[in-house]
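A short worksheet on the structure shown next.
The values are calculated or read from the model by the stated rules, or taken from the named source; none is laboratory data. Source: prediction; values computed, not measured. In this analysis, Cβ positions are derived from the backbone assuming ideal geometry, glycine residues included, and neighbour counts consider all displayed protein chains. Just so you know, the surface numbers come from the protein's heavy atoms only, side chains and all, with ligands and any DNA or RNA stripped out. Shrake-Rupley method; radii C 1.70, N 1.55, O 1.52, S 1.80 Å.
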Amino acid sequence: QVQLVESGGGLVQPGGSLRLSCAASGIIFSIYAMAWYRQAPGNQRELVARITKGGSINYPDSVKGRFTISRDNAKNTVYLQMNSLKPEDTAVYYCNAALGYVEYWGQGTQVTVSS
């Protein structure tokens, strides 16, 4: 009954912005580290952003300064604000919840950055 449901994906022009949301249910959300991953065709799944239960945040260099992860424990929701989008950001974006050895994944939402 654990569910992670992503929303907010779509088509956007280069330089544009999108905000992704991931609504979680069936877990004690506040104690899980939450993260966003993405996977483009032919590529491996890569970490985009992570926020721990204590609020520590990590980004890879590819998105640093452009993407912002945040969480609202009262709403059991994690967000990914994406600004200055590039065609290279095109991918399916997945929500992830992790606690120790336990991980859960959402179904993903498509983000396409194109003119």
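A few points about this structure:
- The calculated pair-distance distribution of the chain uses every alpha carbon pair, bins of 5 angstrom beginning at 0, and gives 2, 13, 25, 26, 19, 10, 5, 1, 0 percent.
- Electrostatic dipole magnitude of the chain [Cβ: Lys, Arg +1; Asp, Glu -1; Cα centre; debye, to 20]: 200
- Remark: spin-label model distance residue 105-residue 1 equals 2.4 nm, labels positioned 7 Å along the Cα→Cβ axis.
- For a straight C-alpha distance cut-off of 22 angstrom, the lysines reachable from residue 53 (same-chain residues fewer than eight places away being disregarded) are 64, 75.
- Label-point gap, in nm, between residue 46 and residue 112 - each point 7 angstrom along Cα→Cβ: 2.1
- Per atom type, the chain shows carbon and sulfur on 47% of its accessible surface, probed at 1.4 Å.
- FRET efficiency for the pair residue 31 and residue 68, taken as 1/(1 + (r/R0)^6) with r the Cβ-Cβ distance and R0 = 25 Å, rounds to 0.70.
- Cα-Cα P(r), segment 1-64, percent of pairs per 5 Å interval: 4, 13, 19, 26, 22, 10, 5, 1
- Per residue, the accessible area of segment 1-45 comes to 54 Å², computed with a 1.4 Å probe over protein heavy atoms only.
- Between residue 81 and residue 23, the distance separating the two model label sites (each 7 Å from Cα on the Cα→Cβ line) works out to 2.1 nm.
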